[in-house]
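The values are calculated or read from the model by the stated rules, or taken from the named source; none is laboratory data. Because the structure is predicted, anything quoted here is derived from the model rather than measured. Virtual Cβ from ideal backbone geometry, glycine too; neighbours counted across all protein chains shown. Calculation scope for accessible area: heavy atoms of the full protein, side chains included, ligands and nucleic acids excluded. Shrake-Rupley method; radii C 1.70, N 1.55, O 1.52, S 1.80 Å.
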Amino acid sequence: MNQNYYALIMAGGVGSRFWPVSTQKFPKQFHDMLGTGESLLQRTFNRLEKLIPASNILIATNAQYEDLVFNQLPFISKNQVLLEPVMRNTAPCILYAASKIYNSNPNAVMIVAPSDHWIDDEKEFVKNIKQAFDACEKQDILMTLGIKPSSPNTGYGYINYKKSENSIKKIIQFTEKPTLENAAKYVESSDYLWNAGIFIWSVKSILTSFNNYLPNMKQLFETDKEVWNSKDECDFIYDHYEKSENISIDYGIMEKAENSYVLPVDFGWNDLGTWGSLYEKLEKDIDKNALIGGEVIFRNSTNNMVKTSTHKKVVIQGLNNYIVIENEDVILICPKQQEQDIKQITIDVKNSFGPDYT
């Protein structure tokens, strides 16, 4: 394996749209959401390990999830886990990782990958990442992966790219989650891709970009002391990280940089952001009902998704297009078309029942 290849897995989110399974204490990336025998974090690590040395894969997570990470990946070292003392979006996290990697290997190229994405064709994924790594080793470019839209989805960001014979395309513009009308136009034009939120670049290129576009943050992480990969790193991060601007890498750098490129890919991608997106990946019966765990009898019911504990027996009568989720002592019953309300529902639950239930 190429020792210049590195990865950063971002595993610090709460995943509140997957409540009540995903909670503050045990977020979705640590769950086996599709019943595969692996958590989303474990599956992401194993996928990246097909191209990248295991010792070069870093995991960024909130400090409160340190034990969860080591329980699920007991073979990694403490030096591979980046503990964020507070949530500050993706830019500070990526700067932390890039600074740490550069200290070990200035010639490194890295991929930044969320821990909760689903990839159907992992061989094609590895092939695409190798192509991106090769390009970033040779050129000063910042890359993201783009998914050909299958529908006018308003939950994703879009990338307008310049058509060319090259497989890697110059980005014209990023567009955040559009209206349904605009999303339909983007899909019809064939000049747009979904932004998968998976990034590839050399550590030199991304650190230069931080210097150009987020100089205050870059300066915040600079020090005369040898803190990276030393016993002083943790204290340094705790002293400096919370002072970082709360900003995404998209807003902070990618949308401003003149050297942003996209590689259109087709490996069966799903960001698993909601129960509805999970439903799309599950096997279904003849009435389009999907089940995870437990045993269910569906009577005169269609297009439902049910997730219960393995020992539960459930009967669903006359229910159509619903999400039914049972987790320990909480049950959620919600129409599919209202699943975006789940994030707000967790606030109501916290206010009514207390934080232990969220």
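Could I have the simple spin-label model distance between ALA184 and SER77, label points 7 Å from Cα toward Cβ, reported in nm to one decimal?
5.6
What percent antiparallel are the DSSP beta bridges of the chain, to the nearest 5? Walk me through the intermediate numbers first.
Numbers: 26 of 58 bridges.
Within the chain, antiparallel bridges account for around 45 percent of the total.
Using the Cα centre of the chain as origin and beta-carbon charges of +1 (Lys, Arg) and -1 (Asp, Glu), tell me which of PHE75, PHE221, ASN107 is placed farthest towards the positive end of the dipole.
The listed residue farthest towards the positive side: ASN107.
Which values, in whole Å and largest first, are the semi-axes of the equivalent ellipsoid of segment 266-337 obtained as the square root of 5 times each eigenvalue of the Cα gyration tensor?
Numbers: eigenvalues 79, 43, 28 Å².
The equivalent ellipsoid of segment 266-337 has semi-axes of 20, 15, 12 Å.
Treat every Asp and Glu Cβ in segment 168-219 as -1 and every Lys and Arg Cβ as +1, leave all other atoms uncharged, and give the resulting dipole magnitude about the Cα centre to the nearest 20 debye. Could the numbers behind the result be given before it?
Values: 6 positive and 4 negative charges, 66 e Å.
With only Lys, Arg, Asp and Glu charged at Cβ, the dipole is about 320 debye.
Hey, with R₀ at 22 Å, roughly what FRET efficiency would ASN46 and ASN229 work out to, going by the Cβ-Cβ distance, to 0.05? The partial results should precede the final answer.
Working: r = 25 Å, r/R0 = 1.11.
So the FRET efficiency works out to roughly 0.35.
Please get the size of the charge dipole for segment 263-343, origin at its Cα centre, with Cβ charges of +1 on Lys and Arg and -1 on Asp and Glu, quoted in debye to the nearest 20.
Values: 9 positive and 12 negative charges, 45 e Å.
Roughly 220 debye for segment 263-343.
Name the most mobile residue of PRO114, PRO178, PRO92, meaning the one with the largest mean-square fluctuation, in a Gaussian network model of the chain with Cα contacts below 10 Å.
Result: PRO178 has the largest fluctuation of those listed.
Rounded to the nearest 0.05, what FRET efficiency is calculated for ASP266 and ASP140 with R0 set to 41 Å and r the Cβ-Cβ distance?
Values: r = 27 Å, r/R0 = 0.66.
Result of the calculation: an efficiency of 0.95.
Quote the charge dipole size of the chain about the Cα centre in Debye, to the nearest 20; the model charges only the Cβ of Lys and Arg (+1) and of Asp and Glu (-1). Present the calculation step by step, with values, prior to reporting the outcome.
Working: 36 positive and 45 negative charges, 103 e Å.
Roughly 500 debye for the chain.
Can you work out ³J(HN,Hα) from phi for every residue in segment 196-205, in order, using Karplus 6.51 cos²θ - 1.76 cosθ + 1.60 and θ = phi - 60°, giving whole Hz and x for Gly and Pro?
For segment 196-205, the Karplus curve yields 6, x, 10, 10, 9, 6, 7, 5, 5, 5 Hz.
Tell me the angle of helix 90-104 to the major Cα principal axis of the chain, expressed in degrees between 0 and 90 and rounded to the nearest ten.
That works out to roughly 50 degrees.
Just to confirm, what accessible area per residue do you get for segment 193-262 at 1.4 Å probe, in whole Å²? Each step should come with its number before you reach the end.
Numbers: 3440 Å² over 70 residues.
Averaged over the residues of segment 193-262, the accessible area is 49 Å².
Relative to a virtual label point 7 Å from the Cα of THR302 in the Cα→beta-carbon direction, which members of segment 255-290 show backbone nitrogen distances below 15 Å?
285-290
Could you pull out the pairs from LYS28/LYS50; LYS218/LYS256; LYS284/LYS313; LYS185/LYS284; LYS148/LYS256 whose alpha carbons sit more than 26 Å apart here?
Pairs exceeding 26 Å: LYS185/LYS284.
Using a 1.4 Å probe on the protein heavy atoms, what percent of the accessible area of the chain belongs to carbon and sulfur? Can you show the working numbers first?
On the way: 7750 of 16940 Å².
With neighbouring chains kept in place, the figure for the chain is 46 percent.
Please list, ordered by chain and number, the residues whose modelled amide H lies under 5 Å from the amide H of MET33; skip anything fewer than 5 residues away on the same chain.
The list, which skips near neighbours in sequence, is LEU40.
What GluC sites (Glu not before Pro) in segment 305-342 are in a loop by DSSP, with at most 15 other Cβ atoms within 10 Å of the Cβ? Mind showing how you got there, number by number?
Values: sites: GLU326, GLU328, GLU339; in loops: GLU328.
Within segment 305-342, the qualifying GluC sites (Glu not before Pro) (loop, at most 15 other Cβ atoms within 10 Å) are GLU328.
Please list 3J(HN,Hα) in residue order for segment 336-343, calculated via the Karplus relation 6.51 cos²θ - 1.76 cosθ + 1.60 where θ = phi - 60°; whole Hz, with x for glycine and proline.
Once rounded to whole Hz, the list reads 3, 5, 10, 5, 5, 7, 4, 4.
Counting only helical runs of four or more DSSP H residues, what would the 222 nm mean residue ellipticity of the chain come to if each run contributes -39,500 (n - 2.57) and the total is spread over all its residues? Working shown, then result.
Numbers: 10 runs with 102 residues, N = 358.
Value at 222 nm, helices only: -8500 deg cm²/dmol.
On average, how much area does the Cα convex hull of the chain cover when viewed from any direction, in nm²? Each step should come with its number before you reach the end.
On the way: hull surface 75.8 nm².
The number I arrive at for the chain is 18.9 nm².
Of the options PHE298, ILE249, THR208, report the single residue whose Cα projects farthest towards the positive end of the charge dipole of the chain (beta-carbon charges: Lys, Arg +1; Asp, Glu -1).
Farthest towards the positive pole: PHE298.
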